[in-house]
Every structure is written in C-alpha cells, then in structure tokens.
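Written below as structure tokens is the structure these notes are about.
The values are calculated or read from the model by the stated rules, or taken from the named source; none is laboratory data. What you see is a predicted model; the values in this text were computed from it and never measured. Counting neighbours? That spans all protein chains shown, and the Cβs are built from the backbone with ideal geometry, glycine included. With ligands, DNA and RNA removed, areas are computed over all heavy atoms of the protein, side chains included. Shrake-Rupley method; radii C 1.70, N 1.55, O 1.52, S 1.80 Å.
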Amino acid sequence: REVYLDNSATTKVDPRVTEAMLPYFSEKYGNPNSLHKFGREARAAIDNARAQVASLINAKPTDIIFTGAGSEADNLAIKGAAWALKEKGKGSHIITSAIEHHAILHTLEALQAEGFTVTLLPVNREGQVEPAALEQALTPETALVSIMAANNETGAIQPIARLAALAHARGALFHTDAVQALGHIPLTLKDTDIDFLSGSAHKFHGPKGVGILFTRRGIELESLIFGGEQERGKRAGTENVPGIVGMAAALEEAIRNLEANASRMAAARDALEQQLLTLPGTRVHSGQVPRLPGHLNMAFDGVPAEALLPVLGMAGICVSAGSACASGSPEPSHVLLALGCTPEEARCSLRFSLGDDITLEQV
C-alpha cells in the first residue's frame, strides 16, 4: 500500500474540516458582501473564522487578512510593507536569508528591480540563521527583515524571537513566513514580537487556495490586488467562504492536538532516521538543531534523487527531493547549497515529511 511522506508539499484535508466547509458550498452559498440573509450568513462565517484564527495565534481579529495562498500572504507582507515604508522615507533595505522559500526570494528580486537593496544572510552548516549575522547586516536604511519560522526542506526551526528583537532594536519591521511551522510547533504572538506572519491552510490539513497574513495593528500596507473593499481594503475579491471556514477549523484541530501529533511524528521520524542511517553513505541535513517534528532531509551519497524517486514511487512510497514549488527545476536545492553542500550532494538528497497519522508500521 502507499505510504505518503510528502506532507510538506500538502496534507490531506481532515474529514472534520470538509464537514465544516460543506454547508458553504450548497446551503449558505451567499456572497458575504450581500446584505440579504444569504450574504449575512456568509459574512458571519468569515467573522467567526477570523476570530477563531486570531484567538489560536493570540492576535486580534482585526490583525488577520485572508489571502488566496501562503505565497500571496508573503507577497502582500513584503511588497506591501516595503512600498509603504519607502513612501514614508523609512529606508529601502531589506534583509532575508539564503534558505527562504521562493515566494520570498522571487518577490525580493522584483523589488530589487524597483531600486530596493536586499541582503541575503548566510546560514550555518545546520541551516540556521545566526543572530550575529543579522546584527551585522542591519543598517539605518533597513526597513524590513523577513526570516522563515522553519525551513520547508530541512525543517530547521529558526530563532525568530531573537531575530525579531534585533530587527526592532534597529527600527526595522519583522516578517516570518510560517507556512511550514503554523499548526506544527507552538507559534503564538504572545511571546514573539513580530509584525507579520504568513500561513497556508493546506499545510495543516485544511483546503488549498486559502492563506492568512497577520499584520500587527497600526502598521500600514500597500495593496497588491485592487477592486472592492474586502479585507479592510487590503485584498480585493469576493472571499473564499468555504476555504476560510475550513482553514479556521483545520487550525483549531491542529493546535488542539499539536503536542500529541508532534510527539507521534517525531518518534516516527527518529525511527526512520535511525534505520536509514544504517545504510552506508547516508547522513542527515540539519539533524543537530531543533526541527519540525515530521521533517527528515537525508543525503544518499552517489545516488541522485531523480533515480531514487521513481523507484520509491513504484514501491508506493511518496517522498520528494525538496520544495514542490521548485519541482522540475534542473538546479540543485538552494537551501542545501546554503548549508554548504556541493551541487552533487544536494542532488543526492531526499525530503521525508511525515504526517500526524504516520505509524511505525509504515516507517
């Protein structure tokens, strides 16, 4: 039977999430911007979901913007903040890391074409950003720092609380791409003084096509999408009511069961890691730092991932060579290169990302 170990790419929708969404496809299908009964039902569902999501991450409902994806949330945070800050004369220097998702890196490339300057911080051999590196890179012109909460390929968790504090000490705003982390590790805004946080429902058993952006109140953002006044005028377009309801339900389930799920996944991940390490020529990337509980990225010396993947696929084992968004690219993983791997080593690595339903029998 098939063993699905590609949960970093996407997770299956929880049946309880599907159940919560169904009425908004067929019974309560109104446009939430309409004033009649059907519209009011849809608007109430969005308001309830916004309050639910905000409560789960210790934010205010007015701090939550619903988007069409985690990538859109990243774009809105980075571009929206950069444009607004530049308009106010706050500087045009942005700092990020070399291991960010392409939703961040490609967005910053577009801003560079507009005249912004970008610094890519290196990471250590285990794939973490060193606070000292950020401290050295900050300048009076730095307007924004964006460092992911946890890496999507290695699972390495970043010290975002310390990094955010350093950014704020120099007057810069701080964004974290939490797409891989949200719902899988404790991550609330109570103890972490960040300004923007991006998330995506399909990474924690919610539907595809819906994301969130937390924006700390009082911070201005320029819009990316123009039209109506939805999402406080920051994201035009009729809201995806079923998706928003599903995301809130999925995040509720994920956070309620976070400790038990994390314990189960980490135990299974460690068992898989120990068994694979008995094979000659294997080693773990980012194995000496805190990782997401279901993440395991391993190198298999001399055996390219493009040769391993179809063999594993024929055996019903679903894994990946890295980010699904970079699938098909002939280039080796930019994340593994940043860790100090050679191109050959990077091409001989696989990512196993376990789900919360993983069993030791499957391992």
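Structure data summary
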| quantity | calculated |
| --- | --- |
| Cα point-scatterer Debye curve for region 37-172, base-10 log of I(q)/I(0) at q = 0.09, 0.12, 0.15, 0.17 Å⁻¹ | -0.33, -0.56, -0.82, -0.99 |
| Calculated SAXS-style log₁₀ I(q)/I(0) at q = 0.15, 0.20, 0.30, 0.32 Å⁻¹ - region 89-131, Debye, Cα scatterers | -0.40, -0.65, -1.06, -1.12 |
| Relative contact order computed over region 262-356 (Cα-Cα under 8 Å; 6+ residues apart), in percent | 36 |
| Loop-located GluC sites (Glu not before Pro) in region 258-363 whose Cβ has at most 11 other Cβ within 10 Å (DSSP) | 361 |
| Residues of type aspartates and glutamates that residue 12 reaches as a straight line, Cα spacing below 16 Å, ignoring anything fewer than 8 places off in the same chain | 2, 252, 253, 356, 357 |
| Charge sum, other residues only, whose C-beta stays under 13 Å from residue 12's C-beta, Lys/Arg counted +1 and Asp/Glu -1 | -3 |
| Dipole-positive endmost among 54, 89, 42 within region 29-145 (Cβ charges, Cα centre) | 42 |
| Region 114-222 - Rg and Dmax from Cα coordinates, angstrom | 14.2, 41 |
| Value of Rg to Rh for region 138-282 (Rh from inverse mean 1/r over Cα pairs, i.e. Kirkwood) | 1.04 |
| Integer Hz, Karplus 6.51/-1.76/1.60 couplings in order for region 135-148, x for Gly and Pro | 4, 6, 7, 5, 9, x, 8, 5, 9, 8, 10, 10, 10, 5 |
| Heavy atoms of residue 148 accessible to a 1.4 Å probe, total area in Å² rounded to 10 | 0 |
| Spatially proximal lysines relative to residue 86 (Cα-Cα < 21 Å; intrachain offsets below 8 disregarded) | 234 |
| Inter-label distance for residue 225 and residue 357, nm, one decimal - labels placed 7 Å from Cα along Cα-to-Cβ | 3.0 |
| Where N is the number of residues in region 254-294, Cα Rg divided by 2.2 N^0.38 Å | 1.34 |
| Pairwise centroid distance, computed over Cα atoms, of region 127-198 with region 30-72, Å | 26 |
| Average projection area in nm² (convex hull over Cα atoms of region 1-98, one quarter of hull surface) | 10.8 |
| Sparse-neighbour loop sites [GluC sites (Glu not before Pro); region 19-52; at most 12 other C-beta within 10 Å; DSSP] | 27 |
| Hits among lysines - C-alpha to C-alpha of residue 190 under 19 Å, sequence gap 8 or more where chains match | 60 |
| Where trypsin sites (Lys or Arg not before Pro) fall in DSSP loop in region 194-265, at most 12 other Cβ within 10 Å | 217 |
| Two-decimal Rg/Rh across region 126-178, once Rg and the Kirkwood Rh are taken from alpha-carbon atoms | 0.97 |
| Antiparallel content of DSSP bridges confined to the chain, in %, to 5 | 55 |
| Accessible surface, region 147-215, averaged per residue in Å² (probe 1.4 Å) | 26 |
| The chain shape via C-alpha gyration tensor axes, a/c threshold 1.5 | oblate |
| Volume per residue of the C-alpha convex hull in region 265-363, rounded to whole Å³ | 110 |
| DSSP loop chymotrypsin sites (Phe, Trp or Tyr not before Pro) with at most 15 other Cβ within 10 Å excluded, longest remaining stretch of the chain | 30-225 |
